[in-house]
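Engineer: Take this structure, written in structure tokens, and hold onto it; I'll ask about it next.
The values are calculated or read from the model by the stated rules, or taken from the named source; none is laboratory data. This is a predicted model, so every value here is computed, not measured. Every residue, glycine as well, gets a Cβ built from its backbone with ideal geometry; the counts of neighbours run over all protein chains shown.
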Amino acid sequence: MEIVTRFAPSPTGYIHIGNVRSAIYPYLLARQNNGKMILRIEDTDRARYVDGATELIEDTLEWLGINWDEGPIVGGPHAPYFQSERMDIYHDWARKLIASGRAYADPTPPEKIEAYRKECNDKKIPFLYRNFRPTNTPEWEPGIPLRFKAEPKAYSWHDEVMGDLSAGPEVLDDIILIKKDGYPTYNFAHIVDDYEMGVTHLMRGAEYLSSMPNYLAIYEALDIKAPKIVTLPHILRSDGRKKLGKRDGAKSVTEYREDGIVAEAMMNYLACLGWNDGTEQEIYTKDELIEKFSLNRIQSSGARYDETKLLWLNGQWIRKIFTEQGADALYARTQNFWPESAASATDEYKIKVLSIIYDRLKNLSDLRDMTGYFFENPKLDLDMLVNNKFLKKLSESELEDLLKQAIMKLDGLSSWDADTLQTALNELLSATGKKPAELFSLIRIALSFAPFSPALNLTMEVLGKDTTLARLNTVASAL
């Protein structure tokens, strides 16, 4: 049997990390088994539809390297892949349920339904619409809601993650299949589409688990076989107390991308957010994830979201890209992350800067804050200099004298490379009798006035002799 999975997002706004994980797992399973993955856009909730959201979904998947075998852009034998274009299909299946007596048109006004609900609340009993089912129903036509006619009974089923599950007849109800506007509900449309498109493994979040008995009832009424059910655990807040949401600081994937998270790190992190291969491995390439992924290693309990871990992984991947693919490969991803002052700098110069600072980056956007002094003279801040923990015991005249000795030494160098500079700095240590923390901190701050800079000899090599000496002279004069 060919394995067919699907990712079926709704174009209702930004795509968050939970959405993306629901795309990664079906993708890994399909690729591992030489199967197919379908992208289907569930756009039947017209009130929440957002222009451009479909393109954002497509762009995000392409950024992550998740390609689909059927769906928008690529087409396929089960087109169309937008639910809003499949209305005739849903209506045909709805009429099958009507013909078999398992669906009925419901003209009951919303205010009356709300009264039924209030009546149950007042009596402190569960509200089940099947207890208020209308007796005389009109012939169904678009414009009237269509409801499923439940036949309450117990259901049992197997979940590839949660194991064997069951539910009693008390959870079955007359759920809406087709809304008043003629569009199907998710509860109906996904069942029809998954069957028509040959989906073998249905992977989705745990929030749908409570609805499974109603879904099984619809499968049964339509006389179709349900796909294998794979329930993905909730993504929880870092404290593990509840499901992660916008109010908890959860950002969209687009925001993470704009912050400088690389695609490999995002896929690596989300794939391991609720799954592991039983080893201590933490860094996975896409090919390794495809090779090692397995349904039986998806955890059934919620997975805690840890942005610190994501940032750590991102730093690991930035270094991995640089060391394995080269400086040019990493540089190609940095185009939107340099400070404004770098606009006129050459690619060659920026690659030199990147080559000495990449191993300190957690995000590519760190480049904006960490590299400004490579492109423009930093603002003079003598307080930062004289209050430095390594320098505050030295007088301003001592600091000036040390800088002048450094200037004289460096000015006499015939070559300006990292090794020569390191030798000169070491000789300066011997000549001045100062500790490395004192002398090197003084020169580093004078050159950058930044809380951080790469190795001093590398920083000086990239800045060049003229800029280095000019900045040291400026600070010495100011002192």
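Engineer: Out of Leu403, Leu410, Leu394, report the one residue that is in a loop (DSSP other than H, G, I, E, B), in contact (Cβ under 8 Å) with a residue 40 or more places away in the chain and over 23 Å from Arg360 (Cβ atoms).
Structural biologist: Residue meeting the stated conditions: Leu394.
Engineer: So, in the range 138-156, exactly how many residues are surrounded by 16 or more Cβ atoms within 10 Å (Cβ to Cβ) and under 30 Å from Asn296 (Cβ atoms)?
Structural biologist: 1
Engineer: Something else about it: Which condition number does Asp306 fail, the rest of (1) in contact (Cβ under 8 Å) with a residue 40 or more places away in the chain; (2) within 16 Å of the chain's Cα centre (by Cα); (3) crowded, with 17+ Cβ neighbours inside 10 Å being met?
Structural biologist: Only one criterion in (1) in contact (Cβ under 8 Å) with a residue 40 or more places away in the chain; (2) within 16 Å of the chain's Cα centre (by Cα); (3) crowded, with 17+ Cβ neighbours inside 10 Å is unmet by Asp306, namely (3).
Engineer: Listed residues Leu202, Leu216; which is crowded, with 18+ Cβ neighbours inside 10 Å and part of a helix (DSSP H, G or I)?
Structural biologist: Leu216
Engineer: Looking only at the range 326-351, count every residue that is outside any loop (DSSP other than H, G, I, E, B) and more than 15 Å from Ala263 (Cα to Cα) and tell me the total.
Structural biologist: Qualifying residue count for the region: 10.
Engineer: Which one of the conditions (1) in the same structural domain as Asp248 (by TED's automatic domain parsing); (2) among the aliphatic types (A, V, I, L, M); (3) surrounded by 15 or more Cβ atoms within 10 Å (Cβ to Cβ); (4) out of contact with any Phe, Trp or Tyr (no Cβ under 7 Å at 6 or more places or on another chain) does Ile321 fail to meet, given that it meets all the rest?
Structural biologist: (1)
Engineer: From the residues in the range 331-349 that are in contact (Cβ under 8 Å) with a residue 12 or more places away in the chain and touching a Lys or Arg at 6+ places or on another chain (Cβ under 9 Å), which one is farthest from Leu64 (Cα to Cα)?
Structural biologist: Taking the candidates together, the pick is Ala342.
Engineer: Another question, then. Quick test of your reading of the structure: Asn33 fulfils all but one of (1) within 23 Å of the chain's Cα centre (by Cα); (2) closer than 28 Å to Ala303 by Cα. Name the failing condition by number.
Structural biologist: Every condition holds for Asn33 apart from (1).
Engineer: In the range 128-179, how many residues are among the aliphatic types (A, V, I, L, M) and in contact with a Cys (Cβ under 9 Å, 6 or more places away or on another chain)?
Structural biologist: 1
Engineer: A further question on this structure: Considering only the range 230-243, I want to know if a residue exists there that is surrounded by fewer than 17 Cβ atoms within 10 Å (Cβ to Cβ), in contact with a helix residue (DSSP H, G or I) (Cβ under 9 Å, 6 or more places away or on another chain) and on the phi > 0 side of the Ramachandran plot.
Structural biologist: no
Engineer: So which of Thr420, Thr468 ends up being of a type in the set (Ser, Thr, Tyr) and in contact (Cβ under 8 Å) with a residue 40 or more places away in the chain?
Structural biologist: Thr468
Engineer: Quick one: which residue in Asp411, Asp419, Asp401 is touching a helix residue (DSSP H, G or I) at 6+ places or on another chain (Cβ under 7 Å), among the charged types (D, E, K, R) and modelled with pLDDT of 95 or more?
Structural biologist: Every option except Asp411 fails the conditions.
Engineer: Would you please name the residue that is surrounded by the most Cβ atoms within 10 Å (Cβ to Cβ), looking only at residues in the range 358-376 that are under 18 Å from Thr468 (Cα atoms) and of a type in the set (A, V, I, L, M, F, W, C)?
Structural biologist: So the residue we want is Phe374.
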